[in-house]
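Okay, so here's the structure we're looking at.
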Amino acid sequence: MANLRNITGLNKVLANMKKSEQLIGKRLRRGLIVAGLFLKRESQKIVPVDEGNLKNSAFVRPAGFGFHSSVIVGYTAEYAVYVHEDLEAAHGAAYNQKHAVAIEKKYGKGKGGKPFKARGENQQAKFLEKPARENRELILAMIAKEIAK
Amino acid sequence: MNHSPSEVIRQYLLDESLFDEDLADDWSLYVDAMPPKPHKVAAIYSTTGLKDGRLMSTGETIFHNGFQLRVRGINYNAIFLKLRAATDNLLTVHNASVTFDSGTYTINNVTQAADLIYLGLNPEESRRMSWVCNFLSTITMEDEA
């Protein structure tokens, strides 16, 4: 039976583990930022737009380093929460239908006979929560991919 | 399922006597819409759910249904307390059985997704204000009559 008396190279193993920990930590942070930017982009596709203040207030804010990294995706506009949570409000196609006469009266008709300032049809409340939940698996895969690079 | 998750949750809250079944009374509970009157009403809205993978033994996909509970009224504190009471009750749900129309459903659990959110005064009706809370739930249908 083999008798293990002496282990050599343990310091080297520990140094390598520490180095790879730092590397994976960096990759994790990068992955979170990539996923955050993706979520912001998906959110921007459906965020309600009137004058554009809400859409332009979107941010992706990384915090911490290595394994303590986190990324916050959000909107700084003060009324963002209200628009996000108010499921009674008409957005997108529903807004265009509800206010069709008023929009046309104010802005006139654009190309194709549509009101000049009609809102994007996909605009809706829950513009951040919805893409986050729908793309959960994709977001996790993005982070995993960056870590594995 | 023959009913939307919001309808099942509504029935559960009515069974628990947290809201009034008569739609003409105060604190009646609606699904996916709120009437202009009376002032004091609540509604459950369906929101995006969360797919949570499959069970290895049965292959069943577990899906958590999202819903939002919104309470509207003219007294800030009364609305908050109403929503707080409903939230506290929902958080105690553990395999609760709900029977209505032709089906029996089991609400396996309800998870609060975020804190209670004050939505402020309704811009079109300055006296009225709302509080909302978001949840995720797991609901299974037991049988069909």
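The values are calculated or read from the model by the stated rules, or taken from the named source; none is laboratory data. Since we're looking at a predicted model, the values are computed, not measured. Glycine gets a Cβ as well: all are built from the backbone with ideal geometry, and neighbour counts include every protein chain shown.
Here is a list: B:L90, B:L50. Which entry is at pLDDT 95 or above and among the aliphatic types (A, V, I, L, M)?
The match here is B:L90.
Can you name the residue in segment B:100-133 that is in a strand (DSSP E or B) and small (G, A, S) and, of all such residues, is nearest to B:A86 (Cα to Cα)?
B:S130
What about B:N65, is it within 30 Å of B:E124 (Cβ to Cβ) and free of Cβ contacts under 8 Å to residues at least 12 places away in the same chain?
No, not satisfied.
Among residues belonging to segment A:119-149 that are out of contact with any strand residue (DSSP E or B) (no Cβ under 9 Å at 6 or more places or on another chain), more than 22 Å from A:S69 (Cβ to Cβ) and surrounded by fewer than 18 Cβ atoms within 10 Å (Cβ to Cβ), point out the one that is nearest to the other protein chains (Cβ to nearest Cβ).
A:N122
In this structure, does B:R84 turn out to be within 14 Å of chain A (Cβ to nearest Cβ) and closer than 28 Å to A:F127 by Cα? Quick ask: steps written out before the conclusion?
Numbers: within 14 Å of chain A (Cβ to nearest Cβ): no; closer than 28 Å to A:F127 by Cα: yes.
Taking the combined requirement at face value, the residue does not satisfy it.
Does A:G74 meet the test of being assigned to a strand (DSSP E or B) and among the small types (G, A, S)?
yes
Quick one: is A:E51 in a loop (DSSP other than H, G, I, E, B) and away from chain B (no Cβ under 14 Å)?
yes
If a residue has to be in contact with a strand residue (DSSP E or B) (Cβ under 8 Å, 6 or more places away or on another chain) and either without any contact (Cβ under 8 Å) to a residue 40 or more places away in the chain or more than 12 Å from chain A (Cβ to nearest Cβ) (or both) to count, how many in segment B:39-62 make the cut?
Keep residues of segment B:39-62 that are in contact with a strand residue (DSSP E or B) (Cβ under 8 Å, 6 or more places away or on another chain), which gives B:39-55, B:60-62.
Narrowing further to those that are either without any contact (Cβ under 8 Å) to a residue 40 or more places away in the chain or more than 12 Å from chain A (Cβ to nearest Cβ) (or both): B:39-45, B:48, B:51-55, B:60-62.
Residues in segment B:39-62 being in contact with a strand residue (DSSP E or B) (Cβ under 8 Å, 6 or more places away or on another chain) and either without any contact (Cβ under 8 Å) to a residue 40 or more places away in the chain or more than 12 Å from chain A (Cβ to nearest Cβ) (or both): 16 in total.
Go over the candidates A:K98, A:K109, A:K114 one by one and state the one that is within 14 Å of chain B (Cβ to nearest Cβ) and at pLDDT below 95.
None of the other options fit; the residue is A:K98.
Please tell me if B:Y30 is aromatic (F, W, Y) and either away from chain A (no Cβ under 14 Å) or in contact (Cβ under 8 Å) with a residue 40 or more places away in the chain (or both).
No: the conditions fail for B:Y30.
A:A90 - would you say it is among the small types (G, A, S), more than 19 Å from the chain's Cα centre (by Cα) and either at pLDDT 95 or above or assigned to a loop (DSSP other than H, G, I, E, B) (or both)? Steps first, please.
Working: among the small types (G, A, S): yes; more than 19 Å from the chain's Cα centre (by Cα): yes; either at pLDDT 95 or above or assigned to a loop (DSSP other than H, G, I, E, B) (or both): yes.
Considered against the rule, which asks whether it is among the small types (G, A, S), more than 19 Å from the chain's Cα centre (by Cα) and either at pLDDT 95 or above or assigned to a loop (DSSP other than H, G, I, E, B) (or both), A:A90 comes out as yes.
Does A:L39 meet the test of being within 14 Å of another protein chain (Cβ to nearest Cβ), at pLDDT 95 or above and in a helix (DSSP H, G or I)? Outline the logic, then answer.
Working: within 14 Å of another protein chain (Cβ to nearest Cβ): yes; at pLDDT 95 or above: yes; in a helix (DSSP H, G or I): yes.
Taking the combined requirement at face value, the residue satisfies it.
Please tell me if A:Y75 is surrounded by 18 or more Cβ atoms within 10 Å (Cβ to Cβ) and closer than 26 Å to A:A118 by Cβ.
Against the criterion (surrounded by 18 or more Cβ atoms within 10 Å (Cβ to Cβ) and closer than 26 Å to A:A118 by Cβ), A:Y75 qualifies.
Those residues that are among the small types (G, A, S) and surrounded by 17 or more Cβ atoms within 10 Å (Cβ to Cβ), I need them from segment B:114-138; list them, please.
The answer is B:S130, B:S137.
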